[in-house]
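The values are calculated or read from the model by the stated rules, or taken from the named source; none is laboratory data. Here the structure is a predicted model, which means the values were calculated and not measured. Please note: Cβ atoms are built from the backbone with ideal geometry, for glycine as well, and neighbour counts cover all protein chains shown. Accessible surface is based on the protein model in full, side chains and every heavy atom, while ligands, DNA and RNA are left aside. Shrake-Rupley method; radii C 1.70, N 1.55, O 1.52, S 1.80 Å.
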Amino acid sequence: MRTGKNLKMRAGKIERTGAAERAYRGILQLLFPLRCPVCDGIVRQAGEKVCVECLGRLKLLTPPWCMKCGKKLSGEDEYCTDCRRREHVFLRGRGLYEYESAALSIYRFKYSGRREYADYFGEQMAEYLGDFIRSVEPDALIPIPLHRKRRTQRGYNQAELLSRALGDRMGIPVYGDYLVRQKNTAPLKYENPEERQNNLKKAFNIPRNDVKLKRAIVVDDIYTTGSTMDEAARVLKGAGVREVYFVTLACGAGV
């Protein structure tokens, strides 16, 4: 009887704790309303990170995808044209969303101060890319760094916010200062692959040698040609990292 009474008391305590937590989240939502990472409107549902009506509007990358870079494929080939044509330095990577569906959201995340999006994106990456990440058994997540001038202008590095949100959920260390951008490269989005590659030469450096990693996953917002990932992987492997993988929020389509 005493055991049953204790169980009832414990259940009542858990229920009250849960109610208090929901109330606390509701108060936080009123004082500091979250913006939906899809529509950028205020999320009305207490405790939610995205509007219910916006669920599914960010299109998850589903098979078939390139077995090297993760780009969405339309045919039966195992690799996209780009990965068949050139040899990458990284071993393998995966993206979360189809680029077209997530482009505006990622733009706001990077340039409009929407740091809060990172929590939702990290949650989504842990859920849908978690099996891939666990299969790698990484020693660390390493965000693609911003040059100090660009970070000062923006106020944060979106890749680092994403890495920390993902790392917290999966229990993986994040080394935000392991890879440093020593060259303030010009924007890459209007350059072809060869121009990107030349632009990124000697862009990254590793200023510390007190941490030795065997396997690392590089984290960024968008994968396009792979030039950024290849250069980061080249520098990491030069510092002794044996295997370099990557995950990104979005990938462009492959052919």
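Of the residues in the stretch 128-160, how many are over 25 Å from VAL235 (Cα atoms) and either of a type in the set (Val, Ile, Thr) or under 12 Å from the mean Cα position of the chain (by Cα) (or both)?
2
Restricting attention to the stretch 69-102, and to residues there that are part of a strand (DSSP E or B) and open to solvent by 40 Å² or more (accessible area, probe 1.4 Å), which single residue is modelled with the highest pLDDT?
Quick first cut of the stretch 69-102, residues part of a strand (DSSP E or B) only: 72, 92-98.
Going one step further and asking which of them are open to solvent by 40 Å² or more (accessible area, probe 1.4 Å), we end up with 72, 92, 98.
Details: LYS72: 93, ARG92: 98, GLU98: 95.
Residue satisfying both the conditions and the ranking: ARG92.
Residue by residue through the stretch 103-132, note down the ones that are in a helix (DSSP H, G or I), basic (Lys, Arg) and surrounded by fewer than 17 Cβ atoms within 10 Å (Cβ to Cβ).
Restricting attention to the stretch 103-132, the residues satisfying the condition of being in a helix (DSSP H, G or I) are 103-111, 117-128, 130-132.
Cutting the leftovers down to basic (Lys, Arg) gives us 108, 110.
Matches in the stretch 103-132: ARG108 only.
Looking at the stretch 209-226, which of the residues that are modelled with pLDDT under 95 and within 23 Å of PHE121 (Cβ to Cβ) is most open to solvent (accessible area, probe 1.4 Å)?
THR224
Just to be sure, is SER135 over 19 Å from LEU61 (Cα atoms), open to solvent by 50 Å² or more (accessible area, probe 1.4 Å) and of a type outside the set (D, E, K, R)?
Working: over 19 Å from LEU61 (Cα atoms): no; open to solvent by 50 Å² or more (accessible area, probe 1.4 Å): yes; of a type outside the set (D, E, K, R): yes.
Answer is no for this residue.
Please enumerate the residues belonging to the stretch 139-157 that are of a type outside the set (A, V, I, L, M), outside any loop (DSSP other than H, G, I, E, B) and open to solvent by less than 10 Å² (accessible area, probe 1.4 Å).
Matches in the stretch 139-157: PRO143 only.
For LEU162, only one of the following conditions fails: (1) assigned to a helix (DSSP H, G or I); (2) over 19 Å from TYR107 (Cα atoms). What is its number?
(2)
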